[in-house]
Structure formats: C-alpha cells, structure tokens
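The values are calculated or read from the model by the stated rules, or taken from the named source; none is laboratory data. Note that the structure is a prediction, hence the values are computed from the model and not measured. Using ideal geometry, Cβ is built from the backbone for each residue, glycine included, and neighbour counts are taken over all protein chains shown. To get the accessible areas, we keep the full protein, side chains included, count just its heavy atoms, and leave off ligands, DNA and RNA. Shrake-Rupley method; radii C 1.70, N 1.55, O 1.52, S 1.80 Å.
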Amino acid sequence: MRSKQSGTIAAITAAGELGRRIRDMGLVPGTRITVQGRAPLYDPVALRLMGFTLTLRNSEADYIDVEVDD
Amino acid sequence: MEAMIALAGNPNCGKTTLFNSLTGARQHVGNYPGVTVEKKEGIYRLNGHRFNIVDLPGTYSLTAYSLEEVVARDFLINEKPGVVINIVDASNLERNLYLTLQFIEMGMPVCIALNMIDMAYSRGIKIDHEALSRLLGVPVVPTMARSGQGKEDLIRAARQVLEKEGGRTELKISYGPDIDVGLDRMEAIIREVGFMTDTYPSRWLALKYMESDEQIRCLGKQRDAQTAEKLESIVEEVANHLQLTVDSFPEAIIADYRYGYIRSVLKQGVISYSGDRNRLFVSDKIDKVVVNRFAGPLIMLAVLLGLYHFTFTYSEIPVAWTEAMFGWMGEMVDRYMPDGLLKSMIISGVIDGVGGVLGFVPLIMFMFFGIAILEDSGYLARVAFMLDRVFRIFGLHGSSVMAFIVSGGIAGGCAVPGVMATRTLKSPRERLATLLTVPFMNCGAKLPVFALLVAAFFAEKEALMMFAITIVSWIGALLVAKLLRTTVIRGASTPFVMELPPYRLPTFKGLLIHTWERTWQYIKKAGTVILGISIILFALMTFPGLPADQTAVFEAQREDLRATLSDDVDGELEAAEDGTDLSAAARAVHLQLLQIDAAEAEAALRHSIAGRFGTGLETLSRWAGLDWRTNIALVGGFAAKEVIVATLGTAYSLGEVDPEDSRSLSEILARSPQWRPLTALSLIVFVMFYAPCFVSVVCIVREAGSWKWGLFSMVFNTILAFTLSVAVFQVGRLAGF
C-alpha cells in the first residue's frame, strides 16, 4: 500500500507471538486502516486505525492482507 | 476498611499519572520477585479507609507472550486484589476495551476509569458511560488523571465493587459455534475433575487452552497430565476443523470475536463521533515534521545531542559538589585519624569506593530526568520508529540508541546510566543484547587513558585518533551485539508492533517521581555491593605489604639523604607544612624524598596480590605487548577506569598522578623503551573492550536479573579485548611497526 491509502483488513496470516501482537492491537479482519507514513529509511511503517497510530516493520506488515479502497 | 486495588490498563492510557495522583509521594518501587519488571505500590486514604494500590505493568492483552503480561496475570490470580481498576483511554476506547474484556472473562471484580474524557471530547468523541456500564455490567467512572478529577468518584465506585462480594457474574462471550462447543466440552471436563480450579476459573482455563497459552499448558501438564492431554486433544480437533472450514485457527478467531463483541457494545449507543474519526490531530501534524524523511533525522540528532549535553554538562556542578564532599570527608579522616592501615582503608576503600558510586548520582538523576521527558512526551517512540531499520540489522531495537549514546556513543558518557537506560526497551532479547554491549562505548573514565596514550604517541593526529576511537567502539559494540544475538541470545526479533502515542506534555510531578524512583534504586543496590568490592580491591592492591627488610632499605635511603643535610635544611623540612615555600636546597631534598616514596610505592604495589597477579600475567600479556605495570593498572581499572591512569603513575614511580593532568606520565611513556605507538594502540583496544568497571557490572546484574550476565560480561569482554589487542599487536609487529 502507498502512503495515505486506506483499506479494510481481509485476513491476518501471522501465527504465534507476532500474530497475537498484531491482533491485540486491533488489527483483525474488518478493521479499517490507513497508511499514515513511513520512517525515514522506509521501514517501519505507521498505520492509522481506530483513532490511534501503530507502527510495525514492513516484514511484519506483510502478514496483513488488505482490500485497498479505490 | 483495608483493601488492595490493582491498577491495570494499556500503556499510554494515563495509568501512571492516575497512580501518582492517587498515591503522591507515598509510593515505593521495587521489582516483582525474580524478574526485572517494575512493581509500584502506594497507599491511598479516603474517609479513614486505607487502600493499598498496586500499579500493574501496562499491557495490551493478557497472553503469556511477554513478561509484563505474565506478571500482571499472575498477580491477579495469586494476590487476588479486591478490585481491579481498569484505566481505559476514552479517545481510544475500542482497543482499550480488549484488555477490559479479558479481565471480565477472568472473573475479576472490575471497575473502569474512563480516562482522558476531555481529550476524547475535544476529538469529537462522545461516550455514554452509563450505557457502557450497563452493557458490560461493571461500573464506569469518567476521570481526568492529569488534573485528578474524578478520582474520588472512582474510589467510591471501587468500594462498591469491593463490598458487593460474590455478586459478579463472569461474562460469557460467544466465539462462534465451533469454539463454543469445544469450550463447553472442556469446561465440563475441567469442572468434573477439578482441574486447577482452585486457582483459575474453569471457563477461563478452557479459553486459555483454546488460545494455546504456553504457561497454562505447562502448568496443566504438571498438575494432571491425563486431563491436560484430553483438553489438548479437544483443542486440536477444533483447530483442525477450523483449518479445514474457514482456514483460520482458534487464537485468531477468538480475537476476532472479542473485537466483534466490543464493536457491538459500542454500537449500542455508547459512542458517537462527530467528524472524521481518523482525521489528523495536533499530534499528527507535529509528526509530519518530526518524523519527516529529511527533517526527522536532523531533529532527532539535535534532541539526542541536547539530552547528552543536558546530562553531562548541567550535572557537572552537582557532581563537583558530591566530589568535593567526599574529598572533604577524606581530608577530615586524613587529618584526625592516626596513620595506619585502617585509615588508608577508610580513605582509599570506603570513601573513594562509595564516593565513586554516589558521585554518579547527580549524573543519573539528570539523565533519567531527560529520558523521562522524552519518554513521557512520546518522542522516544518516534526515535525507535526512525532508527529501528538500522539497529535491527544488528539484532537490536530502535530504542537501543538511547542507551548507546548515554554510555558514551558521543565520547564521554557513562555506562552506568547507559545500562539503566535500557529500561525503556520492552523487548527482552534486544534489551539484553543492548545492555551487554553498551559498556564498549567510550565512557568519560576511559577518555583520560586514551588522551594519555594519544598525547604520548599520536600527538600530531590527536583529533583524528579520538574520532577513530569513537567509531571503532560503535562498530565493535554493534558487531558484538550481532554476535550475541546469533549465539547466546539467539531468537527471532521481538515483534516491533508499537503504538505511537499522541504527544503529551509531561507533568512535572510525574517527571520528578519517575526520576527519583530510578535514582533511588541505583543508590540502594549499587551502594551496598560496591562498598564490599571496593574494600576487596583495596586489599588486593595493599596486601601483603612490603617485607620489613625492603621497607628498611627505603628507610635507610631516607636516613642517608637526611644525614647529608645541614641542620638548617633539616629543620626547615621538619617545620614545613603543605604549601609552605621552601628554599632551593630544601626543595631539592624534598623532591628526592618524594622520589624515594614513589619508588617505595611502586615496590609495594608490585609486591601486593594485584601486583603479583599483574606480574604473573606478563607472560600472557606480552602477546599484546603489555608489561606488568600496565597489567596492574588494568586490574585496578576494574574498580573504575579512572584508576588506570593513577595506577600507571604509581607503577612508574611517579607517585599519585592526576588523571586530568597526565603530562608527566605521558612523557615517561613516550621515552620508555617498553612503549611504542603499536603498544599504545594495543592498550587502547584493550581498554575499549575489556571488562566493564564493577559499578557497571553491578548494574548489568540488576538489569539482566542474574549474576550470570554480570559474570559473562566480565569474562567475555576481557577475552574479546585480549584477542583483539593481541591481533592488533601481532599484525602490527609483522607489518613492521
């Protein structure tokens, strides 16, 4: 996803600790997210969801499938 | 009435602010038994009732994945607080209620503090707290922790929960047909055989099994392996079925349903928004600049330099006061105690040792104050966000940078506050790797050693050398971190997943409490151990004293010198005190006497246990080009790196050498046939990497939670340093330097 793009989470494919952390923070199917920006070195990425900002590494974000809005 | 209240909630929900506002100065901080998670307790009194308030670590969930979560969970289960006050951030209700739900599911008596209600309101979020209370079946009290508003209502509501003994019902959330059936079956088995029901509620146990909770599963196996196996087989059955039908697993579905439940509660008229929910607020506007690709790193550099400047420059004055105080104490003892072993032990062992520790106190206070500002304002999370990409390469975390800089990443810090600064790191493996490598940075006590050697052998390239030394220490520390993370602290990196909290103005009271509690822990723990070690080191460098026949030789030299004197000069010397101007003749004799003293000190040092140790090590240290004198100095350097220069002075018969002014020593080294630039280089490398000073070791032990790591850092670092300096020396020698 590009910066400022929004979408709805379709599935989370991570298991174990990472999966749990991601879900604990509210990244579950159906949640709307927006890419807020990226760190100066392009990684990690900052997401906006449910009114707060969450950052995660690009490699961790790969486990999140999103249906991007047009 | 006396009762225990636990404060729980997400990080950044204002939990600590509420705790400070409730307990004020009547709080104390320790660690949970056996782990390094902070445990804060305090007392709150209202209308003659006494409430013991425990601040649980901030968590987003109650899984068994992080130490904080296990600690919070175990506390709730084992200590059974009368009521759990769950602080939720009103402007971030949906995510905060995820934890709330887990408390209610555990059957905990919960009371919700709907915090930062003012902030939510300003963001266009309206919350009907009565509706929320009705739907969840627990009291909900709006609060503003910063101003303390609502805290009395909150305690009153908590009291009502306390008095309503046994009247609470466990919330039973539906997790969809497949999981619900599994849970019911498991619950029946658990009830039937009384499987761990003495400690845990049965439904919760079933749920934890379904979530594949490691901690509970291990416990279950130990308590009743047969039942545990039965439960696990049910979970497997459900998991397999889910895998086939919906391509998901129980944990994921449980989380989905929990959030689904929360959303359905919120939709029933609890929350209403005016305007776009995800519109940008002041905080996000600040972030547009502060984490901007170009401006961000520059601002960060400025902020980190500012912190460094603040810590080391402004603390100079109070540090000088403490030094002066211990200097004065030493002087008093020197003046009023009879000469002898006891006196020198009190001065060199007790006062210098404890003074060395307490001398750090102002420094640590300043650093923690600075870090508390960065932490409480939310900037530290941005630093981690910006730097994580770099530090991840070495198996560290974005937040590691703070510890490295404070330790001397910009030459002249101190590893003691650096090790303590790793507290801001939440990932255990990254934290351990950071705190084991920060002592490689060039702290303010190593600098005089480098300055001495550079001045003696590389005088024409002074600035370049000092810069190179800083760079080498960074490279070394990062590479060692990488090495540790691929060997002894192996393991996947802890997920970075981190909240960027909105910027907040820290409260002054919060900052002061934060600073003081950490400083006090340092004084308490470091102070006691260090007194013991500094006395031992003093003994090592003093005993056994010179045998009588050797002292007699020096005494005879003095007598001989005195015998040649005219009565005038002798009388003048007898009458002279410190600072008296002497005649030229007397001054010459006085100098000669000092030289004899210094030679005696050198002989005594060589004769002591440390001296023998240093001499014994010479066969080994020759490989790195170092002689016995340097060895003793390095042994002394374990007490504090400042000691290296001073001990070298004694070993080279110079008497006491002031580390700040080592010109004479530098000249001696430059002229000595034992020394050449290569030797100096080898020593620089050794000092950079060898065992941290013992104050740091004690801090490492405290922060890592076991002596094992303290010992590791001493042994590993010394072996590493020796290998490197031998390599430097041997390669240099072969290359003809």
**Study point:** Partner chain coverage, peptide B:240-252 - average Cβ within 10 angstrom
**Key:** 2
Practice item. Just order B:249-261, B:547-559 by mean Cβ neighbour count inside 10 Å, highest at the front, would you? Key: B:249-261, B:547-559
Exercise for review: Just give the residues from the stretch A:1-29 buried by at least 50 square angstrom of accessible area in the all-chains context relative to the isolated chain, probe 1.4 Å, and say none if nothing qualifies.
Suggested key: A:17, A:20, A:21, A:23, A:24, A:25, A:28
Check your understanding: Projected area of the stretch B:65-143, taken from the Cα convex hull and averaged over every viewing direction, in nm²?
Key -> 5.5 nm²
Exercise for review: Round to the nearest 10 and report in Å² the accessible area of residue B:564, as given by a 1.4 Å probe over the protein chains' heavy atoms.
Suggested key: 110 Å²
Revision key, fill the gap. accessible surface per residue for the protein assembly as shown, probe 1.4 Å, DNA/RNA/ligands not counted, whole Å² -> 43 Å²
Review point. For the protein assembly as shown, rounded, prolate or oblate, judged on the Cα gyration tensor with a ≥ b ≥ c (square roots of eigenvalues), a/c < 1.5 rounded, else prolate if a/b > b/c?
Key: prolate
**Study point:** Two-decimal ratio, the stretch B:137-237, of alpha-carbon radius of gyration to 2.2 N^0.38 Å
**Key:** 1.44
Review point. Got a number for carbon plus sulfur as a percent of the stretch B:526-628's accessible area, 1.4 Å probe?
Key: 61 percent
**Study point:** Magnitude of the charge dipole, the protein assembly as shown, Cβ model with Lys/Arg +1 and Asp/Glu -1, debye to 20
**Key:** 2600 debye
**Study point:** A versus B: buried accessible surface, summed, Å² (probe 1.4 Å, to nearest 100)
**Key:** 3800 Å²
Check your understanding: Which order do peptides B:456-469, B:592-605, B:200-213 fall in by mean Cβ count within 10 Å, highest first?
Key -> B:200-213, B:592-605, B:456-469
Practice item. Write down the percent of antiparallel bridges among all DSSP beta bridges whose residues are both part of the protein assembly as shown, to the nearest 5. Key: 65 percent
Point to revise | Other protein chain Cβ atoms within 10 Å, averaged over every residue that makes up B:262-268 | key: 1
Revision key, fill the gap. Yeah, the stretch B:209-297 with a ≥ b ≥ c from its alpha-carbon gyration tensor (a/c under 1.5 is rounded, else prolate when a/b outruns b/c, oblate otherwise) is prolate
Practice item. Output the residues of the stretch B:478-501 meeting this criterion: accessible area (heavy atoms, 1.4 Å probe) in the chain alone minus accessible area with all protein chains in place is 10 Å² or greater. Key: B:493, B:494, B:495, B:496, B:497, B:498, B:499, B:500
Revision key, fill the gap. Among B:12, B:700, B:736, the residue whose Cα sits farthest towards the positive end of the charge dipole of the protein assembly as shown (+1 at Cβ of Lys and Arg, -1 at Cβ of Asp and Glu, taken about the Cα centre) is B:12
Check your understanding: Across the residues of A:55-65, average count of Cβ atoms on other protein chains within 10 Å?
Key -> 3
**Study point:** Angle between chain B longest axis and helix B:250-267 axis [Cα atoms, degrees, rounded to 10]
**Key:** 70 degrees
Practice item. Quote the convex hull volume per residue of the stretch B:698-737, based on C-alpha atoms, as a whole number of Å³. Key: 52 Å³
Review point. Which of the listed residues, B:27, B:70, B:102, is farthest toward the dipole's positive end in the stretch B:12-134, when Lys, Arg count +1 and Asp, Glu count -1 at the beta-carbon?
Key: B:27
Study note, to complete from the structure: Shape descriptor, the stretch B:535-631: equivalent ellipsoid semi-axes (Cα gyration tensor, sqrt 5λ, whole Å, largest first) stand at 34, 14, 13
Study note, to complete from the structure: Any aspartates and glutamates whose Cα falls less than 16 Å from that of residue B:343, other than same-chain ones fewer than 8 residues away, would be B:331, B:334, B:352
Exercise for review: Could you order B:724, B:711 so the one with the most accessible surface comes first? Probe is 1.4 Å.
Suggested key: B:711, B:724
Review point. In square nanometres, what is one fourth of the surface area of the convex hull spanned by the alpha carbons of the stretch B:340-477?
Key: 10.7 nm²
Exercise for review: Would you mind checking B:15/B:509; B:446/B:524; B:15/B:39; B:39/B:208; B:151/B:426; A:4/B:126 for any pair whose Cα atoms are more than 20 angstrom apart?
Suggested key: B:446/B:524; B:39/B:208; B:151/B:426; A:4/B:126
Point to revise | For the stretch B:485-577: rounded, prolate or oblate by the Cα gyration tensor [a/c cutoff 1.5] | key: prolate
Check your understanding: Rounded to a whole number, what is D in µm²/s for chain B from Stokes-Einstein with the Kirkwood radius over alpha-carbon pairs (37 °C, 0.692 mPa s)?
Key -> 110 µm²/s
Practice item. Grab the other residues whose beta carbon is less than 14 angstrom from that of residue B:627, score K and R as +1, D and E as -1, and report the net. Key: +2
Point to revise | Largest-first ordering by accessible area, 1.4 Å probe, given options B:195, B:360, B:543 | key: B:543, B:360, B:195
Study note, to complete from the structure: One quarter of the C-alpha convex hull surface, i.e. the mean projected area of the stretch B:69-207 in nm², amounts to 9.6 nm²
Revision key, fill the gap. On the accessible surface of chain A, probed at 1.4 Å with all protein chains in place, carbon and sulfur together account for a percent value of 49 percent
Exercise for review: First select every other residue whose beta carbon is under 13 angstrom from the beta carbon of residue B:97; then total the charges, Lys and Arg +1, Asp and Glu -1.
Suggested key: 0
**Study point:** Rounded accessible area of residue B:540 (nearest 10 Å², 1.4 Å probe)
**Key:** 60 Å²
Exercise for review: Over the stretch B:78-173, with every protein chain in place, what whole percent of the accessible area is carbon and sulfur at 1.4 Å, could you tell me?
Suggested key: 45 percent
Point to revise | For residue B:144, solvent-accessible area (1.4 Å; no DNA, RNA or ligand), Å² | key: 50 Å²
